[in-house]
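Working notes for the structure below.
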Amino acid sequence: MGETSNTIPPKGLGSVDFLRDLAKGAFLAALTNLLLGLYTIIQSGNFPTHADWLTMIKSTLAILLAYFIKNLSTNNTGQLFTKDKPTTTVPAKELEAVIEKAATK
């Protein structure tokens, strides 16, 4: 379908692309926990303890949940708790021409 047309802006409020959002949320959680681990090592000079790991796991779940809630509650233009804005379907060939024109400026 993407070869023939694109919807601008895409669907938003109440929609989640589960695998993509899971991957992005997991990346954010992993990065956050890496920083938490480095902070623990720098502050105490020791590797994180079992209690620190439990805290990191809890923060991972909280970050994933918050990421999904954010994606469910924003519309197609990034506004919170607002209906999706009208969309325009653009044929792929016309979209490519617009992108090329914008790239040359």
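The values are calculated or read from the model by the stated rules, or taken from the named source; none is laboratory data. Just so we're clear, the structure is a prediction, and the values are computed from it rather than from any experiment. Cβ: placed from backbone, ideal geometry, glycine included. Neighbour counts: every protein chain shown.
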Candidates LEU64, LEU72, filtered to the one that is modelled with pLDDT of 85 or more and within 15 Å of ASP21 (Cα to Cα):
LEU64
Selected residue (only one of LEU28, LEU54, LEU34, LEU38 is part of a helix (DSSP H, G or I) and surrounded by 13 or more Cβ atoms within 10 Å (Cβ to Cβ)):
LEU28
Confirm whether LEU80 is out of contact with any Phe, Trp or Tyr (no Cβ under 6 Å at 6 or more places or on another chain), at pLDDT 85 or above and not acidic (Asp, Glu).
no
